[in-house]
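Read-outs: derived from the displayed coordinates by stated rules, not from any lab. Because the structure is predicted, anything quoted here is derived from the model rather than measured. Glycine gets a Cβ as well: all are built from the backbone with ideal geometry, and neighbour counts include every protein chain shown.
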């Protein structure tokens, strides 16, 4: 660290990201544009390490960068008494989304196990058999278009 901040490489190393991530986050507005040294090097305040770790943690929790930006913005402009825009409300929404994905993944897992147990080796041949455990088997018999994976899980 220099006397007035962290250079890009130092910040990237400390936060566990690469330098391109820093520039991308700046363009997206997640990070403020850094000051420059007399030599033109970007200099970031030390607390930017924490902000980067928060962003990466939020992403690992399933928040998109747009959602992270909204959360950061809501935190910066916290309105007292408004619980519909803060972390609590958004975490609840994200939890519902994650639980739905877990339900969907459980259906996929169980269907794949059934396909393995049924000895399905050929997708087309399996779809033509009445014992096919894959969700599109009944649709193939009716000549209906095969739905997208998201549609088969709803």
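Would you confirm whether any residue within the range 39-55 is in a loop (DSSP other than H, G, I, E, B) and touching a residue at least 40 places away in the same chain (Cβ under 8 Å)? Spell out how you get there, then give the answer.
Pass one, the range 39-55, residues in a loop (DSSP other than H, G, I, E, B): 39-41, 45-47.
Those left that are additionally touching a residue at least 40 places away in the same chain (Cβ under 8 Å): 45-46.
Yes: the range 39-55 contains one or more residues that are in a loop (DSSP other than H, G, I, E, B) and touching a residue at least 40 places away in the same chain (Cβ under 8 Å).
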When residues of the range 3-20 are limited to those that are out of contact with any helix residue (DSSP H, G or I) (no Cβ under 7 Å at 6 or more places or on another chain) and part of a helix (DSSP H, G or I), the one surrounded by the most Cβ atoms within 10 Å (Cβ to Cβ)
10
